[in-house]
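S.K.: Mind looking over this structure? Questions follow.
Every number here is computed from the coordinates shown, using simple stated rules; none is lab data. Model, not experiment: these values are computed from the prediction. Quick reminder, even Gly has a Cβ in these numbers, built from the backbone with ideal geometry, and neighbours come from all protein chains shown.
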Amino acid sequence: MNKIPNRQAICETLMAHAKEDRHIYALCSDSRGSASMTPFFNAFPEQSIEVGIAEQNLVSIAAGMAHCGEKPYCFSPACFISTRSYEQAKVDVAYSNTNVKLIGISGGISYGELGMSHHSAQDIAAMSAIPNMRVYLPSDRFQTAKLIESLLQDKKPAYVRVGRNPVEDIYSETECPFEMDRATVHGDLEAENDVAIIACGEMVRPALEAAKLLQDKGIKAVVADMYCVKPLDQDTVIKAAKSAKLVITVEEHAPYGGMGSAVAVTVGENCPKKVITMALPDDHVITGKSAAVFDYYGLNGEGIAKKAVEVLK
Amino acid sequence: MNKQEFDAKALTVRSLELRKVVLDMIMKSGGGHIGGDFSVMDTLVTLYFDQMNISPENQDDPDRDYFIMSKGHSVESYYAVLAAKGFFETETVVNEFSQFGSRFIGHPNNELPGIEMNSGSLGHGLPVSVGMALACRKENRASRVYTVMGDGEVAEGSVWEGFMAAGHYKLANLCAVVDRNRLQISGATEQVMTHENLHAQIESFGWNVIETDGNDIAKLHEAFEQAKTVTDRPTCIIANTVKGYGGGEIMENKAAWHHHVPNQEEYDQIVKALEAKKEGVLHE
């Protein structure tokens, strides 16, 4: 089992670049430990800014710095950075078009036991609704590193959500196909598939497990790792939908306004097919460690496979 | 920096003339925030024509001074000053302000030359200025960062997050102005949410605080000059102003004129008041 969470991959990637580029800054809101950013703060104190527990300040300060030519990366729990500082993200970052990268750590239900205040099951919906804001949910540490490498090259706003816990590797150091704003496809989009499973973030792993379980039952599945929720890779969504009888989306998010909604709109407009969106409930999420909570709601390999079998019947 | 010798009288006249541009902008568009425009105009004129190293020629120079109009609803006065400074034509902004499809939106828009950041939602300018001041200090720039807030605006919690961080980081290159006209849309600031201890409150966050007459350009000049001599703290200038200043009895110190659009008769009276004030200044 991999022990490196995606947040650590972000820290390592930024550290590798911060040596050469003194304009890269990390900003934390008393969150450097939870963000795995302590090594960055220790190694690059001159490129580290602590703002205290003040997420609005975090985002506005970053916007001001970006306007003056710096490249700030803001780290705060996804539940806070996506909604507590929502207006700062909208006005100071997206509307003013500043090169700020917002990193939502411990996203989704990473803090499963801590209750709804600490869950970010609205962040995709909230951030996606802002013009000029991009939304990314990388699946594993290798893809996370590739995404950050790519974001370091551009000057546009973005929101990245990662979970707290290490996730099993999907890719590897040498095998991590990555094209910016293009989903990574597992399977054959040209084949006649029974089901197309489109997942993002921590749900990609169970989607791949489901595909395997389905294959054992003679059901052919293609999986799209849709780390780029906005801009959504519509081309892959359409191809995947056209190749299959059924589309299933899986995400660690509320059922409204997430990746599944965006996929359903794209499929509905371009190649109408049945779309099943698997997500957290529109309700208080049950208390527990995230893995147990996922199991409870069927957001695991078995649950996704079961849903596919049921609907395909 | 191409700095002219400070001439309080000339700047005061200019400030009164620019209020007429604001008035025309509001008459033509049928909307705007005239009360705050008139109270803050002297601060803007002092910043743009006396204090700041900013012009259309150096607007992309990283070493320029930076300004954020945090009280974005006073955009008409901001546009009038930027036009006078040569960032765009006065006639264009008067004709196009708030019109359908216009770039001259009813709050500052940084797609226009001379405008650093979009504002409009209150409580953003100070925290963003903190980021700018931090970056300028990191880059060893001589730049100073200025922001102007309304006194109603300081009820926003994010303002205090900004005061806190600027004090913590001892940002001496940052100067905030509070346009203290004591009126907001619902009435007197002291009735809506009191700021009677504003001076002490800001000081307690580690700031140098200067109170001055914000409708007296010579005094504003003095305050900004004094701010530059403080090297270990940010400075906040509490600019005590009169809402609607210069527009005469009809509109001065009246909350209803926060965003009132004058009718023709009122327009004529305001023009007359501005002219009378200008004559008075010229013949002092």
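S.K.: If a residue must be touching a Lys or Arg at 6+ places or on another chain (Cβ under 7 Å), polar (S, T, N, Q) and more than 11 Å from B:Val178 (Cα to Cα), how many such residues does segment B:195-216 contain?
M.R.: 1
S.K.: Test of understanding: among B:Asp61, B:Asp7, B:Asp37, B:Asp24, which residue is closer than 20 Å to B:Leu112 by Cβ and surrounded by fewer than 16 Cβ atoms within 10 Å (Cβ to Cβ)? Walk me through it before giving the result.
M.R.: Working: B:Asp7 fails: closer than 20 Å to B:Leu112 by Cβ; B:Asp37 fails: surrounded by fewer than 16 Cβ atoms within 10 Å (Cβ to Cβ); B:Asp24 fails: surrounded by fewer than 16 Cβ atoms within 10 Å (Cβ to Cβ).
Criteria check complete, one pass: B:Asp61.
S.K.: Would you please name the residue that is farthest from B:Ser74 (Cα to Cα), looking only at residues in segment B:256-275 that are in contact (Cβ under 8 Å) with a residue 24 or more places away in the chain and outside any helix (DSSP H, G or I)?
M.R.: B:Pro262
S.K.: Tell me whether segment B:185-192 contains one or more residues that are in a strand (DSSP E or B) and away from chain A (no Cβ under 14 Å).
M.R.: Within segment B:185-192, the first condition is being in a strand (DSSP E or B), and the residues that meet it are B:187-188.
Cutting the leftovers down to away from chain A (no Cβ under 14 Å) gives us B:187-188.
Looking for residues that are in a strand (DSSP E or B) and away from chain A (no Cβ under 14 Å), one finds at least one in segment B:185-192, hence yes.
S.K.: Please go through (1) assigned to a loop (DSSP other than H, G, I, E, B); (2) over 15 Å from A:Ile124 (Cα atoms); (3) in contact (Cβ under 8 Å) with a residue 12 or more places away in the chain for A:Leu232 and return the number of the only condition it doesn't satisfy.
M.R.: Condition (2) is where A:Leu232 drops out.
S.K.: Oh, and also: When B:Thr92 is evaluated against the numbered criteria (1) among the hydroxyl-bearing types (Ser, Thr, Tyr); (2) without any contact (Cβ under 8 Å) to a residue 24 or more places away in the chain; (3) over 20 Å from B:Phe104 (Cβ atoms), which criterion, by number, is the only one it fails?
M.R.: (3)
S.K.: Filter segment A:269-293 down to the residues that are of a type outside the set (Val, Ile, Thr) and part of a helix (DSSP H, G or I), then identify the one that is nearest to A:Asp235 (Cα to Cα). Spell out how you get there, then give the answer.
M.R.: Looking only at segment A:269-293, we keep the residues that are of a type outside the set (Val, Ile, Thr), and these are A:269-274, A:278-284, A:288-292.
If we keep only those that are part of a helix (DSSP H, G or I) as well, we get A:269-270, A:290-292.
Working: A:Glu269: 12, A:Asn270: 10, A:Ser290: 32, A:Ala291: 32, A:Ala292: 34 Å.
Taking the candidates together, the pick is A:Asn270.
S.K.: Okay, next question. Can you work out which of the residues in segment B:108-153 that are surrounded by 24 or more Cβ atoms within 10 Å (Cβ to Cβ) and among the β-branched types (Val, Ile, Thr) is farthest from the other protein chains (Cβ to nearest Cβ)?
M.R.: B:Val148
S.K.: Something else about it: Residues in segment A:210-222: is at least one surrounded by 23 or more Cβ atoms within 10 Å (Cβ to Cβ) and in a loop (DSSP other than H, G, I, E, B)?
M.R.: No, the conditions are met nowhere in segment A:210-222.
S.K.: Is it true that A:Ala66 is more than 10 Å from chain B (Cβ to nearest Cβ) and of a type in the set (Gly, Ala, Ser)?
M.R.: No.
S.K.: Is at least one residue of segment A:151-170 over 30 Å from A:Val59 (Cβ atoms), among the β-branched types (Val, Ile, Thr) and either in a strand (DSSP E or B) or more than 19 Å from the chain's Cα centre (by Cα) (or both)?
M.R.: First, pick out the residues of segment A:151-170 that are over 30 Å from A:Val59 (Cβ atoms): A:168-170.
Add one more test, that the residue is among the β-branched types (Val, Ile, Thr), and what stays is A:170.
From the residues that got through so far, the ones that are either in a strand (DSSP E or B) or more than 19 Å from the chain's Cα centre (by Cα) (or both) too are none.
Within segment A:151-170, none of the residues are over 30 Å from A:Val59 (Cβ atoms), among the β-branched types (Val, Ile, Thr) and either in a strand (DSSP E or B) or more than 19 Å from the chain's Cα centre (by Cα) (or both).
S.K.: Can you tell me which of A:Ser120, A:Ser82, A:Ser36, A:Ser96 is within 14 Å of chain B (Cβ to nearest Cβ) and polar (S, T, N, Q)?
M.R.: Values: A:Ser120 fails: within 14 Å of chain B (Cβ to nearest Cβ); A:Ser82 fails: within 14 Å of chain B (Cβ to nearest Cβ); A:Ser36 fails: within 14 Å of chain B (Cβ to nearest Cβ).
Unique residue meeting the criteria: A:Ser96.
S.K.: One residue is enough: does segment A:70-77 have a residue meeting the conditions within 7 Å of chain B (Cβ to nearest Cβ) and free of Cβ contacts under 8 Å to residues at least 24 places away in the same chain?
M.R.: Here is the first cut: in segment A:70-77, the ones within 7 Å of chain B (Cβ to nearest Cβ) are A:70.
Filter once more, so that each one left must be free of Cβ contacts under 8 Å to residues at least 24 places away in the same chain: none.
The answer is no, given that none of the residues of segment A:70-77 is within 7 Å of chain B (Cβ to nearest Cβ) and free of Cβ contacts under 8 Å to residues at least 24 places away in the same chain.
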